[in-house]
Number of protein chains: 2
Amino acid sequence: MSRKEIQEQRMKDYFIQATKEILKGEGIQALSVRSIAEKAGYSFATLYNYFKDVKELIFLCVKDFQQECQEYVEDKTKDTERGEKKIIATAISYAEYFVQYPSVFEIFFIEKLPNSAENARISELIFSFLEKLCQEEFQYCIDQKSFTAEEVKEIVKELNCLITGVLLLYLNRNYPSDYGDFAKNLKLQVEKTMKK
Amino acid sequence: MSRKEIQEQRMKDYFIQATKEILKGEGIQALSVRSIAEKAGYSFATLYNYFKDVKELIFLCVKDFQQECQEYVEDKTKDTERGEKKIIATAISYAEYFVQYPSVFEIFFIEKLPNSAENARISELIFSFLEKLCQEEFQYCIDQKSFTAEEVKEIVKELNCLITGVLLLYLNRNYPSDYGDFAKNLKLQVEKTMKK
DNA sequence: TCAAAATATGAACAGTGTTCATATTTTGTA
DNA sequence: TACAAAATATGAACACTGTTCATATTTTGA
């Protein structure tokens, strides 16, 4: 990276960092071009010298949040025995992360992405993320002959859709209204999906 | 209803009708207090003499859309044989309706509801809607002893979460990117859920 | 017919994202 | 070191958003 590129990336990181902090703290309803710039210590207009619009900035946070989520999941599941149990624990921890940071769920699944080749890649990053988290463990299951590769493909898709829906209904429609019920339901359904 | 109440309801209906038309036509991104009022033939300020805010107006459309969706589903499934097959057809038609009207999906599952007793009722209306659509047929299955009441309770919950997730990923993250793949996946997963 | 009540309305406000001309700073050369 | 040129930061302005409120208009009833 040239001197210039380093400096430019540093500027971008200030804005990205500010965006992440607001999303994890005050939440997405507090996020605006002006609030981001203020937290970064610049004018809102400066932001436009580094990003084409605020959506670009927002979606640049996805990778960082995924990294953080992955670390959360790995820590939560590190003592779980390998195989099916670990996959279940991974899926549940993945969901827990979004309950803890609802605004991250919004960015990942709700915030609109204008159609473009770049955004298609971001989209893919998002919807293949759970698969990525479980990949190693599913491979282990295939090696152990507890699942075929074909079965795994279907299960991953189903887990992904299921958990996304469970989260959306809980976070946006308060269903179930109690967190305990949500967690119980999540566990039950994830286990069921693994059993089929 | 008193004369006054009739007139007031009529005014409300003008705004509700306008809102529904915009949502089904130009979509939610074209929906604003001013666009609704213009379509209704009044000033935007008049709207506030009948609704406390635009959210109240938007969520008053839910019942109408559910009615419409129900008619769509009933028409699509009227020739399907009773029992499990009809439930599957119902769930798929339900999803199809939202693919046809993505803005209705937004209202139902994405648009934020401020916390209140009134909104809790709207929320319940939404997340129990699929159950309502399938209720009669599930009862038939219970009577036929193909499912127990306990099983039905779990299956309904799972169908609900699953379809919500499938729709969210398709409509907001273009996953899968092809409608055919979406429909195939939807069918497969609904059938799987019924089989467990 | 006319006062009183009900209703409709535009101005105004605070917020949003974005653009652009300009002020400021940094850079490289003379 | 001085200065012109390029790079960068910025506030004003614009077109939107939802909402409030004083006021203009219409309807009602005596």
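Computed values, structure above
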item	result
Unique match (being open to solvent by 10 Å² or more (accessible area, probe 1.4 Å), touching a residue at least 24 places away in the same chain (Cβ under 8 Å) and under 22 Å from residue B:175 (Cβ atoms)) among A:70, A:144	A:70
All positions within the range A:127-141 that are open to solvent by 20 Å² or more (accessible area, probe 1.4 Å) and assigned to a helix (DSSP H, G or I)	A:127, A:131, A:132, A:133, A:135, A:136, A:139, A:140
Restricting the range A:33-52 to residues that are closer than 17 Å to residue A:20 by Cβ and assigned to a loop (DSSP other than H, G, I, E, B), the residue that is farthest from DNA strand D (Cβ to nearest atom)	A:51
Residue match in the range A:78-99 (condition: among the β-branched types (Val, Ile, Thr), farther than 22 Å from residue A:182 by Cβ and part of a helix (DSSP H, G or I))	no
Total residues in the range A:151-171, condition free of Cβ contacts under 8 Å to residues at least 24 places away in the same chain and either at the interface with chain B (Cβ under 7 Å from one of its Cβ atoms) or within 26 Å of residue A:103 (Cβ to Cβ) (or both)	4
Candidate set from the range B:174-196 (those that are at the interface with chain A (Cβ under 10 Å from one of its Cβ atoms) and assigned to a helix (DSSP H, G or I)); member that is surrounded by the fewest Cβ atoms within 10 Å (Cβ to Cβ)	B:195
Subset tally (residues that are within 12 Å of DNA strand C (Cβ to nearest atom), open to solvent by 30 Å² or more (accessible area, probe 1.4 Å) and assigned to a helix (DSSP H, G or I)) for the range B:14-32	1
Failed criterion for residue A:65 (all others in (1) in a helix (DSSP H, G or I); (2) out of contact with any Ser or Thr (no Cβ under 6 Å at 6 or more places or on another chain); (3) open to solvent by 60 Å² or more (accessible area, probe 1.4 Å) hold)	(3)
Residue within the range B:2-13 that is open to solvent by less than 50 Å² (accessible area, probe 1.4 Å) and more than 13 Å from DNA strand C (Cβ to nearest atom) present	no
Residue that is farther than 29 Å from residue B:124 by Cα and either of a type outside the set (Asp, Glu) or in the same structural domain as residue A:24 (by TED's automatic domain parsing) (or both), where the choices are A:100, A:144	A:144
Scan of the range B:93-112 for residues that are open to solvent by 30 Å² or more (accessible area, probe 1.4 Å) and in contact with a Phe, Trp or Tyr (Cβ under 9 Å, 6 or more places away or on another chain), ordered by number	B:96, B:99, B:100, B:101, B:111
Complete set of residues in the range A:113-126 that are open to solvent by 40 Å² or more (accessible area, probe 1.4 Å), within 19 Å of residue B:182 (Cα to Cα) and assigned to a helix (DSSP H, G or I)	A:120, A:121, A:124, A:125
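The values are calculated or read from the model by the stated rules, or taken from the named source; none is laboratory data. It should be emphasised that the depicted structure is a prediction, and the values quoted were computed from it without experimental measurement. Don't worry about glycine lacking a Cβ; one is built from the backbone with ideal geometry, like all the others, and counts go over all protein chains shown. Ligands, DNA and RNA are stripped out before the accessible areas are found, and what is left, the full protein with its side chains, is counted by its heavy atoms. Shrake-Rupley method; radii C 1.70, N 1.55, O 1.52, S 1.80 Å.
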